[in-house]
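Visitor: Before I ask anything, here is the structure I am working with.
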Amino acid sequence: MERLGSGTTWIPDAVPLPSRHILAGSWMLMLHGFVFVQYDAQSGPRGDDQFGSLNWAMLMASRDLWGGRFQARTMLSFDPATVTNRGYPLLLQTGESYQGQPLVDRQHPHDFWMELAAMYERAITREVGISIYAAPSGEPALGPVAFMHRPSAMDNPLAPLGHHWQDATHTSFGVITAGVFGHHWKLEGSVFNGREPDEERWGFDPIRLDSYSGRFSAHLDSTWVVSAGYGYLKSPEALDPGASMHRMTASILNGRRIGTQGQLATALVWGANRHAGKTEHTALLESEAIMDRNTVYGRVEFAQKSSDDLVLSTMAPNAWHNITAFSLGYIRDVLRTRNATFGLGVQGTLNHVPSTLESFYGSALPVGGLVFLRLRPMNGPHSSQPMSEHH
């Protein structure tokens, strides 16, 4: 259970996500979630500011069943109320829509039903098992671990600029995934709904199974996980229903322990979308270090976005623009209980845009920042036993 990230992805064993486990009869319950309360300010003529809250909570319930392991899970978010259906300001972000217009320089909120899924795994030999994952709202086997579940990014409130090239399918309304796995590898295939969620964020979108994907993951040892995926997404954008795309992703995750409760986690992620005969690439390198009461994290990003992506109506629609961003954040835990930690954080972002975009953003180096409070479970103490390379 602790190796699972988002959907059916894997994270390194050395850096499990902070959570709480409860035994209830034959069931093992896991509670996991984050709440951020933030003031977000983005500079320049396309910037904005907002006071709001980003939040999500997950409940997983597992038990032995029919010689295997059954798991039910749900993940919920009140983002539609706490940052509104328009989402929160984030310079150079693109993807999805609001009131019939593309969202640009803002990050869309999560849907209330981020995930509602069931999974069943069973060994068929001592070395090989099979799995099935079904979800009216869930994540197909395509992208890397979604950003809010990556140990290298879990304390960073903001989505990556390459979200819709990398891990945006983590909420898809209709998913069936079948897999075969060993102790250190997993091969999966999915059919799912390629359409991104609509702006009605509280209910379920129409469930479709019109797209497909595959992913291979390898758990090299307790500190390394690599994965690569490919998918065909039918009509992902509601505003351009005739356009479909192919998506390719790859990721390398590393995690190591620091002291009795700390950890250092790093991720390298690449994602690309190919449509209309062109391929747009994105990449990021991010890291987070938890050291006693202090957390430091950072992210470096590169993204190719078109004039259409950025809603630049006065420029050629298929012109590409290479953008970069560097973010750095710090959180100090100011209050701890046995089960939770309450921290005060600050984050700044320095973006870089090409000269062709300076007139739109007011500078070649537009900036953004936020101050926030963060509530999440405490990291559990590390086992006194040394980490094993094989489990």
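The values are calculated or read from the model by the stated rules, or taken from the named source; none is laboratory data. This is a predicted model, so every value here is computed, not measured. Every residue, glycine as well, gets a Cβ built from its backbone with ideal geometry; the counts of neighbours run over all protein chains shown. Each accessible area value is taken on the protein alone, full model and side chains, heavy atoms only, with ligands, DNA and RNA left out. Shrake-Rupley method; radii C 1.70, N 1.55, O 1.52, S 1.80 Å.
Visitor: Per the 1.4 Å probe, what fraction of the accessible area of the chain, in percent, lies on carbon and sulfur atoms? Could you put the intermediate results ahead of the total?
Guide: Numbers: 10120 of 15850 Å².
Of the solvent-accessible surface of the chain, carbon and sulfur hold 64 percent.
Visitor: Sticking with this structure for a sec: Please get the size of the charge dipole for the range 41-123, origin at its Cα centre, with Cβ charges of +1 on Lys and Arg and -1 on Asp and Glu, quoted in debye to the nearest 20.
Guide: Details: 7 positive and 9 negative charges, 51 e Å.
Around 240 debye, computed over the range 41-123.
Visitor: If you average the sequence gap of Cα pairs under 8 Å that are 6 or more apart and divide by the length of the range 152-271, what percent do you get for the contact order? Can you show the working numbers first?
Guide: Details: 236 pairs, mean separation 24.1, N = 120.
Reported relative contact order: 20 percent.
Visitor: Ok, one more. Find the relative contact order for the chain and round it to a whole percent, using C-alpha pairs within less than 8 Å whose residues are 6+ positions apart. Display every interim value, and only then the final one.
Guide: On the way: 1137 pairs, mean separation 60.3, N = 391.
With pairs under 8 Å counted, the relative contact order is 15 percent.
Visitor: Just one of [x] 30, 29, 20; [y] 29, 26, 24; [z] 32, 25, 19 is semi-axes √(5λ) of the Cα gyration tensor in Å calculated from these coordinates, so which is it?
Guide: Recomputing semi-axes √(5λ) of the Cα gyration tensor in Å here picks out [z].
Visitor: Choose one answer from Trp165, Trp27, Trp113: the residue with the largest mean-square fluctuation in a GNM of the chain with alpha-carbon springs under 10 Å.
Guide: With Cα springs under 10 Å in the chain, the top fluctuation among Trp165, Trp27, Trp113 is at Trp27.
Visitor: Using only Cα atoms, locate the centre of the range 1-19 and the centre of the range 221-255, then give the distance between them in Å, rounded to an integer.
Guide: So the separation of the two Cα centres works out to 18 Å.
Visitor: May I ask you to derive the relative contact order of the range 22-62, considering only C-alpha pairs under 8 Å and at least 6 residues apart, and to give it as an integer percent?
Guide: Reported as a whole number, the value is 47 percent.
Visitor: Which of Glu200, Glu139, Glu286 ends up with the largest GNM mean-square fluctuation for the chain, with Cα atoms connected below 10 Å?
Guide: It is Glu200.
Visitor: With a 10 Å cut-off between alpha carbons and a GNM built on the chain, which of Pro136, Pro354, Pro109 moves the most?
Guide: Looking only at Pro136, Pro354, Pro109, the largest GNM fluctuation is found for Pro354.
Visitor: Cα to Cα, under 29 Å, and not fewer than 8 places away if on the same chain: which lysines meet these conditions relative to Lys305?
Guide: Counting by Cα, and skipping residues close in sequence, Lys305 has these lysines nearby: Lys234, Lys278.
Visitor: To continue, here is another question. Rounding to the nearest 20 debye, state how big the charge dipole of the range 152-311 is about its Cα centre with +1 on each Lys and Arg Cβ and -1 on each Asp and Glu Cβ.
Guide: Details: 14 positive and 19 negative charges, 107 e Å.
The dipole magnitude comes to about 520 debye.
Visitor: Let me know the shape class of the range 124-219, please: from the alpha-carbon gyration tensor, a ≥ b ≥ c as square roots of the eigenvalues, rounded when a/c is under 1.5, otherwise prolate if a/b is greater than b/c, or oblate. List each step's numbers first, then the result.
Guide: Values: a/c = 2.36, a/b = 1.30, b/c = 1.81.
Oblate.
Visitor: Of Ser235, Ile258, Ile207, which is farthest along the charge dipole of the range 152-263 in the positive direction, counting Lys and Arg as +1 and Asp and Glu as -1 at C-beta?
Guide: My answer, from the dipole projection, is Ile258.
Visitor: Then there is this: What whole-number value in Å² describes the accessible area per residue of the chain for a 1.4 Å probe?
Guide: Working: 15850 Å² over 391 residues.
For the chain, the per-residue accessible area is 41 Å².
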